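Comments concern the structure below.
The values are calculated or read from the model by the stated rules, or taken from the named source; none is laboratory data. All values derive from a computational prediction rather than experimental measurement. When we count neighbours, we look across all protein chains shown, and the Cβ atoms used for this are built from the backbone with ideal geometry, even at glycine.
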């Protein structure tokens, strides 16, 4: 395994671990949550409690995105050539096929494993993000960070491929920044929330490796920061009541 691959896998592990912590913190307000505390573990029970309650609120944008991606997963196997028609392709920007930066979100070029992972991640991260940021902010972050990451990919980082994991990374980045900026509302200390800082750090590192998931993470973080600076963000809400 090359140093580059080691860096990628290590970054993925960091993002997953810090992401679970972020989901739990997003479900806290005033230092308390369902069966846990601000300084508690990000165990499966805590994460499931947050996600279950977020889903119970019927996150319409997340469910709509999930339905679209699930439908496209069926289509790409039922209709040969769909993936090739919509995914990123080398030279697409110079050929005027800029629209591939958007359509690449709709197909999963790595097949069934990518489909299963991305659908699960979208449902979990999307539901919690929507509970905290609201419907239209969630949709905006998903589309903006996803398209931007695919533009960067088409420009040279990874000109061949497709998937919505970069947009899901954008949701996680925006959620992380919201938790960091609202930690006083969440009732946690800097010591409790420091793992969340690993998300923008991992995004920056992945960008140095020219990995498009880093672009999605950083874009989401910057969008979350912009929302906060412009006073348009919603204060972190209690996802778990």
Legend entry - Qualifying position, being at pLDDT below 85 and touching a strand residue (DSSP E or B) at 6+ places or on another chain (Cβ under 6 Å), among 184, 238: 238
Inset, instruction - Could you grab me the full set of residues in the range 57-97 that are farther than 18 Å from residue 119 by Cα and under 24 Å from the mean Cα position of the chain (by Cα)? - result: 57, 86, 88, 89
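Just for helices (runs of 4 or more DSSP H) wholly inside the range 1-108: which have at least 1 residues that are at pLDDT 95 or above?
Details: elements: 3-26, 44-56, 60-78, 82-86, 100-103.
It comes to 60-78, 82-86, 100-103.
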Legend entry - Residue match in the range 126-142 (condition: modelled with pLDDT of 95 or more, buried (at least 24 other Cβ atoms within 10 Å of the Cβ), in contact with a strand residue (DSSP E or B) (Cβ under 9 Å, 6 or more places away or on another chain) and farther than 18 Å from residue 20 by Cα): no
